[in-house]
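Just so you know, all these numbers are worked out from the coordinates, no wet-lab data involved. All values derive from a computational prediction rather than experimental measurement. Neighbour counts run over all protein chains shown; Cβ positions are idealised from the backbone, glycine included.
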Amino acid sequence: HATAASSPTSTSIHRFTLSHWWRAAYEASGPVAGNLIGPSPLHERGGHLFAAVDEGTSGSGDDRGGSRIVALEQDGDSLVTIGRSDDLGDGDPVTVVRYTGDRAFTHTGRHWQPIRVVDLHDPTRPSPAGALSALSYYQIVLQPIGTDQLATVESDRSRWAAATKVSSYAVVDGEFRETGTWTQPGTSSRAASDPESLLWADRARLLVVPVAERFARAPTRGAAVFSVSPAGDLTYVGHVGPSEHQREDAGSEVFRSLTIGEDLWTLSGSYSRLDRRANWLLQSYDLATLERKSAVALND
């Protein structure tokens with residue numbers, strides 16, 4: 001387990017061993033230049049620790065130090081840098097980083113730029129390993145699926161071009177290639193700005209994506225459910241959503257979802273302007289059929 005503390009110019013990374021749930025034993029520490037990127041900047045593989053950092057600008061503010069992936073190795077009680085990639089943003093700061101196995105995926109948040117793939121097999125030389133297609137819309141979340149697959153959710157919340165796009169990628173002939181895509185115009189997904197609202201249920205191989213129809217008179221807000229085959233094929237399975245009562249409130253949408261046993265659970269919420277209170281609803285669905293099984297109101 002690793003933690004980090006940042007200053008404007010560097011980040012101190014600390015490594016602990018969690019031998020028991022109540023006890024953390026300190027092992028080593030080490031600095032890296034720059035600040036960690038996003039909510040998932042660290043990755044451990046083969047005894048090496050990888051950190052995605054943005055080195056920011058120089059003192060004059062004219063030259064960027066770049067966004068990189070740095071590899072560290074433990075030497076006694078020190079974490080020592082043994083490798084670093086070239087700048088992964090072509091002058092723009094990287095804002096999204098996710099890891100799976102010996103690969104990292106990065107993006108700058110610029111919709112015209114592609115998702116970059118970084119090979120981590122040799123920790124002394126993290127290196128570019130191709131790129132996926134440029135974005136169709138302005139916001140994106142990356143979701144690793146196993147070690148050789150990736151799902152992406154793109155969303156555009158502008159009034160005239162709102163849409164949600166879900167894509168899957170898999171290794172084909174040694175390269176990541178798009179294996180499926182689904183687009184629904186007139187919608188947006190909070191997953192693009194709130195990655196925790198996206199669910200990958202590994203055992204059932206289901207991807208649950210919150211989707212809201214933005215401009216209908218009574219917006220339908222719920223979650224689209226997809227299956228992803230071992231080969232990476234993406235299939236739309238169905239839709240789960242708020243209750244009929246919640247559908248009357250344009251603010252209702254799915255905030256979180258999870259699986260328990262053979263059930264899919266969603267937490268949807270809305271704010272009623274009439275009585276100035278939040279309305280929360282837990283609902284369960286059969287994983288195999290997506291039929292609603294139960295609902296529990298959690299009103300504020």
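Taken over the range 81-136, the ratio of Cα radius of gyration to 2.2 N^0.38 Å equals 1.10.
Rounded to the nearest 0.05, what FRET efficiency do Arg125 and Leu267 have when you use their Cβ-Cβ distance and R0 = 30 Å? It would help to have the intermediate numbers written out before the result.
Values: r = 44 Å, r/R0 = 1.46.
Calculated transfer efficiency: 0.10.
Scale the Cα Rg of the range 70-169 by the rule-of-thumb value 2.2 N^0.38 Å and send over the ratio, two decimals. Can you show the working numbers first?
Working: Rg = 15.5 Å, N = 100, 2.2 N^0.38 = 12.7 Å.
So the range 70-169 has a normalised radius of gyration of 1.22.
With each label modelled as a point 7 angstrom along the Cα→C-beta vector, the Asp202-Ile260 pair spans 2.1 nm.
Please report Ile82, Ile140, Ile260 as a ranked list, fewest other C-beta atoms within 10 angstrom at the top and most at the bottom. Kindly include the intermediate steps, with their values, before the conclusion.
Values: Ile82 14, Ile140 23, Ile260 9.
Starting with the residue having the fewest Cβ neighbours, the order is Ile260, Ile82, Ile140.
Taking the average, over residues, of other Cβ atoms within 10 Å as the packing measure, peptides 292-298, 148-154, 47-53 rank 148-154, 47-53, 292-298 from highest down.
At 0.36 nm per residue, minus the direct Cα-Cα distance, what do Thr95 and Trp182 gain on full extension? Give it in nm, one decimal, please. List each step's numbers first, then the result.
Numbers: separation 87, 0.36 × 87 = 31.32 nm, distance 2.42 nm.
Gain in length upon complete extension: 28.9 nm.
Sort Thr289, Thr179 so the one with the fewest other Cβ atoms within 10 Å of its own Cβ comes first. Can you show the working numbers first?
Values: Thr289 10, Thr179 19.
Least crowded to most crowded, the residues run Thr289, Thr179.
Between Thr289 and Trp22, full extension at 0.36 nm per residue minus the direct alpha carbon distance yields a gain of 92.1 nm.
As a calculated quantity, the FRET efficiency between Asp194 and Thr9 at R0 = 30 Å, using C-beta atoms, amounts to about 0.50.
Among Ile145, Ile37, Ile69, a tally of other beta-carbon atoms within 10 Å of each Cβ gives an order, fewest to most, of Ile145, Ile37, Ile69.
For Gly30, the shell of other residues with beta-carbons less than 10 Å away shows a net charge of -2, using +1 for Lys and Arg and -1 for Asp and Glu.
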